[in-house]
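Please read the structure below before turning to the comments.
The values are calculated or read from the model by the stated rules, or taken from the named source; none is laboratory data. Just so we're clear, the structure is a prediction, and the values are computed from it rather than from any experiment. For neighbour counting, all protein chains shown are included, and Cβ atoms are generated from backbone atoms with ideal geometry for every residue, glycine included.
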Amino acid sequence: MTWLTWLLIVLGVTAVLLAGTVVLTKQLQKREPYRSVLRLRTRAKLRLFKALVTDRRVPLFARALPLLLALYLAMPFDLVPDFIPVLGYIDDVAVIVLTLALMVRLTPRTVIEEHMARLEAEAGRESKTE
């Protein structure tokens, strides 16, 4: 195969991943509790997922997903190699979105709502002190 063929394959896979990620994110924004989670700021999302990982009410498989995600991101090979600027990270973003959506899906809704309420209360206290 020539380099042009490889380039076309990489660009095609990248386009499919990007389109799929955008469509998935748009669909998730229409449904609760995904909408609320997506509205959180990055630090709040990290705090939420840390709380979910440590909460015993969350199924073990759901709590293991962030570890599996970290292992995937640490692997030296990807669908689209990371050394390709911008395009190389799109598959990583797609896997992150899918993993976090699956974690929310597998977690009981009451647990997510409880942690979301706590995060919103913390955010309200932080905004009052600023």
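On the given criteria, is residue 68 at pLDDT 85 or above and either farther than 18 Å from residue 28 by Cβ or among the acidic types (Asp, Glu) (or both)? Yes, satisfied.
Being within 30 Å of residue 10 (Cα to Cα) and outside any loop (DSSP other than H, G, I, E, B), is that true of even one residue in region 106-129? For region 106-129, residues within 30 Å of residue 10 (Cα to Cα) and outside any loop (DSSP other than H, G, I, E, B): absent. Residue pairs whose Cβ atoms lie under 7 Å apart, sitting 6 or more positions apart in sequence or on different chains, and linking a residue in region 15-34 that is surrounded by 11 or more Cβ atoms within 10 Å (Cβ to Cβ) to a partner that is part of a helix (DSSP H, G or I) and among the hydroxyl-bearing types (Ser, Thr, Tyr), are 28/34. Taking region 38-65 as the range and being surrounded by fewer than 13 Cβ atoms within 10 Å (Cβ to Cβ) and of a type in the set (D, E, K, R) as the test, the residues that pass are 39, 41, 43, 50, 56, 57.
I'd like to know if region 92-111 contains one or more residues that are farther than 17 Å from residue 40 by Cα and among the acidic types (Asp, Glu). Scanning region 92-111, I find at least one residue that is farther than 17 Å from residue 40 by Cα and among the acidic types (Asp, Glu), so the answer is yes. When the residues of region 66-117 are filtered to those that are over 16 Å from residue 49 (Cβ atoms) and acidic (Asp, Glu), the one that is surrounded by the fewest Cβ atoms within 10 Å (Cβ to Cβ) is 82.
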